[in-house]
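Only one structure is covered here, and it is reproduced in the block below.
The values are calculated or read from the model by the stated rules, or taken from the named source; none is laboratory data. The model shown is predicted, which means the values in this text are computed figures rather than measured ones. Ideal geometry is used to build each Cβ from the backbone, glycine not excepted, and the neighbour counts take in all protein chains shown.
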Amino acid sequence: MAGPYIDVVKLTSLTSAFYDPDVLRSKIRLLRDADIDVCVGGTCAEVMLWQKVYPAFLAKAGQWGFTGIEISDGTIEMPDAMRREAIDRALSGGFRVFSEVGRKEWSPQTGLEDLVSDLKRDLACGVDKVIVEAMEIGQSVGIMDAEGNPSEEGLRALTEAAGGSEKVIFEAPLRHQQEIFIDRLGTNVNLGNIPPMEVLVVEATRWKMTGIPFMTAYSANPTGA
């Protein structure tokens with residue numbers, strides 16, 4: 001039902017490793033039949049790099065039917081050379097590559113300047129899109145403040161560095177975040193970390209057909225003409 005409004009489904013962490021192989025292939029096939037890319041989460045790639053089995057992991061991911069690989073350093077330390085090689089190997093394997101910037105353990109030392117630098121680095125390596133980390137909680141991480149509001153400076157800096165918002169996916173698990181991103185960056189802004197049951201609500205928000213967005217649109221044009 002929500003398929004037409006989903007571009008990519010990510011199987012997070014190491015969840016795909018615990019599926020029955022036939023069930024996993026069936027799930028991936030169902031998504032691919034709906035023209036949805038299926039991506040292995042970044043934590044899985046981190047574990048495989050850490051265990052030094054990344055090439056075998058890519059081969060197995062291709063056999064299962066995955067079409068995307070996420071590269072992140074949310075947990076492990078990943079030098080630029082290792083990251084570049086991981087991206088290159090995935091690209092050579094025919095995968096769409098998504099990278100993630102912003103560590104899960106946020107600190108003042110990992111600021112906006114680092115996010116912008118990391119985004120530019122990954123785009124130069126040829127990734128399809130860069131994901132800006134917000135985690136499932138959506139607060140006090142990345143460009144989000146303690147209330148989960150994205151920084152205006154952060155939005156501006158990241159989109160300028162990427163030449164627009166097309167190459168950036170903003171994780172936005174909270175409803176008011178989604179409204180802010182859509183209001184600031186337009187109907188087609190890429191949003192991530194959206195729970196499956198929220199997809200249609202997000203699509204309605206894009207078209208200003210929910211709550212506050214609708215009230216704002218109505219106030220600006222009461223006649224509807």
Looking across the stretch 170-211 at residues that are part of a helix (DSSP H, G or I), in contact (Cβ under 8 Å) with a residue 40 or more places away in the chain and of a type outside the set (Asp, Glu), the single one that is nearest to Thr12 (Cα to Cα) is Pro196
If we ask which residues in the stretch 138-160 are in contact with a strand residue (DSSP E or B) (Cβ under 7 Å, 6 or more places away or on another chain) and either touching a residue at least 60 places away in the same chain (Cβ under 8 Å) or in a loop (DSSP other than H, G, I, E, B) (or both), their number turns out to be 3
Inspect the stretch 134-143 for any residue being over 14 Å from the mean Cα position of the chain (by Cα), modelled with pLDDT under 95, within 24 Å of Ala2 (Cβ to Cβ) and surrounded by fewer than 15 Cβ atoms within 10 Å (Cβ to Cβ) and give the result as yes or no. yes
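Of Gly74, Gly65, which residue is more than 22 Å from Glu171 (Cα to Cα), in contact with a strand residue (DSSP E or B) (Cβ under 9 Å, 6 or more places away or on another chain) and either surrounded by fewer than 18 Cβ atoms within 10 Å (Cβ to Cβ) or touching a residue at least 40 places away in the same chain (Cβ under 8 Å) (or both)?
Details: Gly74 fails: more than 22 Å from Glu171 (Cα to Cα).
So the residue among Gly74, Gly65 that is more than 22 Å from Glu171 (Cα to Cα), in contact with a strand residue (DSSP E or B) (Cβ under 9 Å, 6 or more places away or on another chain) and either surrounded by fewer than 18 Cβ atoms within 10 Å (Cβ to Cβ) or touching a residue at least 40 places away in the same chain (Cβ under 8 Å) (or both) is Gly65.
Among Glu179, Glu171, Glu166, which is the only one that is at pLDDT 80 or above, acidic (Asp, Glu) and surrounded by fewer than 19 Cβ atoms within 10 Å (Cβ to Cβ)?
Values: Glu179 fails: surrounded by fewer than 19 Cβ atoms within 10 Å (Cβ to Cβ); Glu171 fails: surrounded by fewer than 19 Cβ atoms within 10 Å (Cβ to Cβ).
Criteria check complete, one pass: Glu166.
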All-but-one check, Ala61 against (1) part of a loop (DSSP other than H, G, I, E, B); (2) over 25 Å from Gly164 (Cβ atoms), failing number (1)
